[in-house]
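Trainee: Just passing along the structure, written as structure tokens.
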Amino acid sequence: MEIATTMEKKNKILVLTGGGDCPGLNAVIRGIAKRARKEKDWEVYGSIEAFNGVFSEPTEIIKLNRRATAGIHVRGGTILKTTNKGNPMKFPMPQPDGTFKIIDRTQELVDRIKKLGFEAVINIGGDGSQRISQALHEKGLNIIGVPKTIDNDLSATDLTFGFQTAVQIATDSFDKLVTTAESHHRVMIMEVMGRDAGWIALHTAIAGGAEVCLIPEIPYDINKVVKRINLRYRGGRGFVNIVVSEGAKPKDGTVTATAGEKGSEHVRLGGVAYQLSRQLKDAGCHAEIRETVLGHVQRGGSPLAFDRVLASLFGVHAFELALQKKFGRMVSYKNNTITSVTLEEATKEPSFVNKSSYIVKAAKGLGIAFGD
Ligand code: F6P
């Protein structure tokens, strides 16, 4: 879609969503648009598929007016679409022979955005997206970040929207697996998302009442996991429910991954449940085992009320930062309030589950084994 032209002198702000989608993205977009409407001299636009909308010829940029944003906060996904293949720092440029050449298009992007007349940009995305925000800011772009990830693995914010929704979806599925595990005296393995951080698995294990929780931060000893399972089968019949992060790995072992799609920076995780199942059998687990890989179900559908609220507040705050010309910052939720941090701080370190943290100790207190 071509960018709308106007004779009035308005400040224009460009919004985009990058990386994997996440419940709550639309609530952020609506929050920005609604808050901006209170200022008479601002107009909000959205770039389709992250920055690709700016690179497209013609550009794919839409006006985020009342009609485009009304009621979208209840919808999953993102009305602006997204991609994890459009990193302008390492842009995969398709070549005539079908291969990709990686080039840096950041300066070109900044120039294009300025030429299109945008005063500011709001980039809604995870750590990768915020590193892009930082690089663009260093090249002179007025940019503000909004953190997004179901993995909740950014240390600059106590919570990211989408996480609670993902945990609820995983917990609902876990509950269903408990009743079938019990009926068949089986070991049920449920694999959840969590590339490097085990937050979704840990919260689901506590909420659902798992016997075993395996996460990337705590490599597991398969013999200890089998020992824990066997304890539950002491009387002959038992059942066990395991939650495993897609990024979990055995001690001295590797994560289950396959090559990413062409142009993607990441390997694809998924399938650790099957690997674990085989390892359990090899290590002497005699019970029947079944595997469930939840996958992208965790990222789909309507956000929970909590995530709608957090995302809406992030949207309002992001626009207000733009209004105050506080660029180079990322919105954050800290100590029960909405604030912001510099993009540099925002991307400094991820938030991983700490083996000695209160939450892991409490989980162990509840009888959950980590295989350590
Ligand atoms: O970072 C969020 C996340 O959902 C990870 O937990 C997962 O590994 C990844 O995205 C999956 O990405 P894709 O949608 O590209 O398969």
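Readers should treat all values here as calculations from the given coordinates under stated rules, not as data from a laboratory. Just so it is clear, the model here is predicted, and its values are computed rather than measured. Note: ideal-geometry Cβ built from the backbone for every residue, glycine included; neighbour counts use all protein chains shown.
Trainee: List the GluC sites (Glu not before Pro) in the range 41-88 that DSSP assigns to loop (not H, G, I, E or B) and whose Cβ has at most 11 other Cβ atoms within 10 Å. Which are they?
Mentor: Listed in order of number, the matching sites amount to none.
Trainee: Return the aspartates and glutamates within reach of residue 9: Cα separation strictly under 18 angstrom, same-chain partners fewer than 8 residues apart disregarded; answer none if there are no such residues.
Mentor: 39, 41, 43, 119
Trainee: How large is ³J(HN,Hα), in whole Hz, for each residue of the range 74-86 in order, when computed from phi with the Karplus curve 6.51 cos²θ - 1.76 cosθ + 1.60 and θ = phi - 60°, using x for Gly and Pro?
Mentor: 8, 8, x, x, 9, 5, 8, 6, 8, 7, 10, 10, x
Trainee: Which Rg and Dmax, in Å, describe the Cα atoms of the chain?
Mentor: 22.5, 80
Trainee: So how tilted is helix 163-184 from the main axis of the chain? Cα-based, degrees 0 to 90, rounded to 10.
Mentor: 20
Trainee: Now for a different question. Tell me the angle of helix 305-323 to the major Cα principal axis of the chain, expressed in degrees between 0 and 90 and rounded to the nearest ten.
Mentor: That works out to roughly 30 degrees.
Trainee: Take the residue pairs 114/334; 114/348; 12/139 and return only those whose Cα atoms are more than 22 Å apart.
Mentor: 114/334; 114/348
Trainee: Near residue 148, which aspartates and glutamates are there with a Cα under 16 Å away, not counting those fewer than 8 places off in the same chain?
Mentor: Here the aspartates and glutamates satisfying the reach criterion relative to residue 148 are 21, 49, 127, 158, 196, 307, 345, 349.
Trainee: Now a separate question. To the nearest 10 degrees, how steep is helix 25-37 against the longest Cα principal axis of the chain, on a 0 to 90 scale?
Mentor: The helix 25-37 is inclined about 30 degrees to the chain.
Trainee: Cross-link candidates for residue 224: which lysines have Cα within less than 19 Å, leaving aside residues fewer than 8 places away along the same chain?
Mentor: Correct list for residue 224: 249, 251, 281, 355, 361, 364.
Trainee: Moving to a separate point now. Among DSSP bridges having both ends in the chain, what percentage is antiparallel? Round to the nearest 5.
Mentor: 30
Trainee: Taking amide hydrogens as modeled 1.01 Å from N in the peptide plane, which residues meet the under 5 Å criterion relative to residue 64, leaving out close sequence neighbours?
Mentor: 44, 45, 46
Trainee: Let me ask another. How far, in nm, would the chain grow between residue 325 and residue 349 when pulled straight, counting 0.36 nm per residue and subtracting the alpha carbon separation?
Mentor: Here the answer is 6.1 nm.
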